[in-house]
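Reading through the C-alpha cells given below for one structure.
The values are calculated or read from the model by the stated rules, or taken from the named source; none is laboratory data. Note that the structure is a prediction, hence the values are computed from the model and not measured. Glycine gets a Cβ as well: all are built from the backbone with ideal geometry, and neighbour counts include every protein chain shown.
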Amino acid sequence: MNTLLNWHAIRAIYRFEMARTFRTITQSIASPVLSTSLYFVVFGAAIGSRMGDIDGISYGAFIIPGLIMLSLLNESISNASFGIYMPKWAGTIYELLSAPVSYIEVVIGYVGAAASKSLILGILILVTARIFVPYEIAHPFWMLCFLLLTAVTFSLFGFIIGLWADDFQKLQVIPLMVVTPLTFLGGAFYSISMLPPVWQKITLFNPVVYLISGFRWSFYGVADVNVGVSLAAILGFLVLCLAVVWWIFKTGWKLKS
C-alpha cells in the first residue's frame with residue numbers, strides 16, 4: 001500500500017536544509033543566541049535590578065518571553081524565506097517543480113526544517129536566560145505549544161516571503177521593517193496595561209501582542225490578552241498562511257515566471 005506522502009522527498013529536503021544550518025552554525029545559531037544574551041545582560045541583570053516588578057514578576061524575568069518571541073519570529077521568517085529563495089535565485093526550483101514531488105511535500109520539507117531551526121534556537125535562548133535571570137514556567141505544555149505553533153506559522157509566513165521576493169533585499173524588508181517594530185511595540189519589554197487607555201486599545205491591533213501575551217501566560221500565568229484569544233489569533237494566522245501557500249502553488253504565482 002502506497003503512502004499518501006513521499007517521505008523520501010520530504011526527508012531529502014529537510015536534511016539538506018538542516019545540513020546548511022549546521023554548516024553555518026555561527027550565523028544560524030550562535031549569533032542570535034549571543035545577541036539575545038546581551039539583552040538579558042543589559043535589561044535583565046543591569047537595568048532590571050533597578051526596576052520594580054511587573055504583575056509581581058521581576059523585570060528581568062518578565063522580558064524573557066518577549067525576547068524569545070522576538071528571536072523566534074525573525075529567525076523563523078529568515079530561515080524559511082532564505083531556504084526557498086535560494087533555489088529560485090539559482091534556478092534549481094524548476095527541477096524541484098518538475099520532480100514527482102507535490103507542493104505539500106515541498107512545504108513540509110522547507111517549513112519543517114525552518115521551524116526545527118527556530119525551535120532549537122528558542123530552547124537554547126531559554127536555557128541561556130537561566131544563566132542571567134531566574135524564572136519559572138507555570139504551564140510547560142502550553143509553553144511548548146506556543147513555541148511550536150509560532151515557529152511553524154512564521155516559517156510558513158517566511159516561506160511565502162521567499163516566494164514573493166525578487167532579490168535578497170526584499171527578504172529583509174518584512175522582518176526588519178514590519179516584524180521587529182511590531183514585536184518591540186507588542187509588549188516584549190512592558191505590559192500594555194502600563195500604557196494610557198487610548199494606546200492600550202490601539203495596541204490591540206498589533207497581532208504580535210497576542211503571541212507575546214499568550215507565551216508570557218505560559219510562563220507566569222499573567223497575560224495582557226485572554227489566552228484563548230491569543231491561541232485563536234495564532235491558529236487563524238496559520239490557516240491564512242496555509243491558504244496563501246495553497247493559492248501560490250495552484251496558480252504558479254512567482255513560480256512560473
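The figures follow:
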{"item": "Residue, modelled with the highest pLDDT, within segment 230-257, restricted to residues that are of a type outside the set (Phe, Trp, Tyr) and in a loop (DSSP other than H, G, I, E, B)", "result": "Gly252"}
{"item": "Selected residue (only one of Arg11, Arg23 is surrounded by fewer than 15 Cβ atoms within 10 Å (Cβ to Cβ), over 22 Å from Met143 (Cα atoms), at pLDDT 90 or above and not hydrophobic (A, V, I, L, M, F, W, C))", "result": "Arg11"}
{"item": "Odd one out for Val101, checked against (1) assigned to a helix (DSSP H, G or I); (2) touching a residue at least 12 places away in the same chain (Cβ under 8 Å)", "result": "(1)"}
{"item": "Among (1) within 15 Å of the chain's Cα centre (by Cα); (2) in a loop (DSSP other than H, G, I, E, B) - the single one Thr180 does not satisfy", "result": "(2)"}
{"item": "The lone exception for Tyr135 - which of (1) buried (at least 22 other Cβ atoms within 10 Å of the Cβ); (2) under 20 Å from Gly214 (Cβ atoms); (3) of a type in the set (Phe, Trp, Tyr) it fails", "result": "(1)"}
{"item": "Test result for Val209, more than 25 Å from Gly112 (Cβ to Cβ), in contact with an Asp or Glu (Cβ under 7 Å, 6 or more places away or on another chain) and buried (at least 16 other Cβ atoms within 10 Å of the Cβ)", "result": "yes"}
{"item": "Single unsatisfied condition, Val208 versus (1) under 17 Å from Leu67 (Cβ atoms); (2) free of Cβ contacts under 8 Å to residues at least 60 places away in the same chain", "result": "(2)"}
{"item": "Residue identified as more than 20 Å from Ser76 (Cβ to Cβ) and either modelled with pLDDT of 90 or more or in a helix (DSSP H, G or I) (or both) among Val198, Val209, Val173", "result": "Val198"}
{"item": "Only listed residue being surrounded by 15 or more Cβ atoms within 10 Å (Cβ to Cβ), at negative phi and of a type in the set (A, V, I, L, M, F, W, C), chosen from Ala165, Ala90", "result": "Ala165"}
